[in-house]
Amino acid sequence: MPLEPGNAAPLFSLPGAGGETISLESLRGHKIVLYFYPKDDTSGCTLEAQNFNAHSDAFAAAGATVIGVSPDSVKSHDKFRTKYGLTFPLASDESKSMLEAYGVWVEKSMYGRKYMGVERTTLLIDREGRIARIWHKVKVPGHVEEVLAAAQALA
């Protein structure tokens with residue numbers, strides 16, 4: 001059953017870049033911007049990460065923690081964060097269990113070939129762990145500003 005605003009966000013605990021563990025439970029009481037992206041160091045994913053990074057102070061001022069999630073390894077995340085100076089956490093879900101729980105591990109199609117991959121999606125989670133807003137099939141230009149405005153408006 002697809003997740004909808006008002007649903008409790010599925011719990012997760014994942015390894016992150018820099019050896020940290022990132023869990024929903026440890027962030028209770030904070031607004032969370034959880035964004036799912038297909039792959040480290042690709043053009044769209046890099047632009048999205050750089051945009052979130054450029055607005056990190058504004059997200060912090062809104063009381064929101066930004067977390068990026070992809071199926072890439074922690075080692076890949078470490079390189080990606082270092083290469084682009086990213087300051088927010090990146091979580092690794094190599095098993096894809098969290099990606100599946102959030103409904104973002106989906107069948108995709110390119111040039112007639114079907115394959116499984118991450119659908120670029122962002123969720124805004126409130127301080128109680130409930131989903132406040134979901135953006136599906138995200139287009140990168142202007143997206144981060146829209147998420148920031150929603151995070152600022154969320155109590």
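The values are calculated or read from the model by the stated rules, or taken from the named source; none is laboratory data. All values derive from a computational prediction rather than experimental measurement. Cβ: placed from backbone, ideal geometry, glycine included. Neighbour counts: every protein chain shown. Ligands, DNA and RNA are excluded from the accessible area calculation, which covers all protein heavy atoms including side chains. Shrake-Rupley method; radii C 1.70, N 1.55, O 1.52, S 1.80 Å.
Could you list, in sequence order, all residues of the range 1-26 that are of a type in the set (S, T, N, Q) and under 21 Å from Arg81 (Cβ atoms)?
Ser13, Thr21, Ser23, Ser26
For the range 57-80, what are the residues that are assigned to a helix (DSSP H, G or I), open to solvent by 30 Å² or more (accessible area, probe 1.4 Å) and of a type outside the set (A, V, I, L, M)?
Within the range 57-80, Asp57, Lys75, Ser76, Asp78, Lys79 meet the criteria.
Pick out the one residue from Arg120, Arg133 that is over 19 Å from Thr42 (Cα atoms), open to solvent by 20 Å² or more (accessible area, probe 1.4 Å) and at pLDDT 95 or above.
Arg133
May I ask you to list pairs of residues, at least six apart or on different chains, whose Cβ atoms are under 7 Å apart, with the first in the range 140-155 being touching a residue at least 12 places away in the same chain (Cβ under 8 Å) and open to solvent by 40 Å² or more (accessible area, probe 1.4 Å) and the second being in a loop (DSSP other than H, G, I, E, B) and of a type in the set (A, V, I, L, M)?
Taking only residues 6 or more apart or on different chains, the pairs are Gln152/Ala62.
For the range 42-56, how many residues meet the condition of being under 15 Å from Lys83 (Cβ atoms), among the hydroxyl-bearing types (Ser, Thr, Tyr) and either open to solvent by less than 30 Å² (accessible area, probe 1.4 Å) or in contact (Cβ under 8 Å) with a residue 24 or more places away in the chain (or both)?
Matching residues across the range 42-56 total 1.
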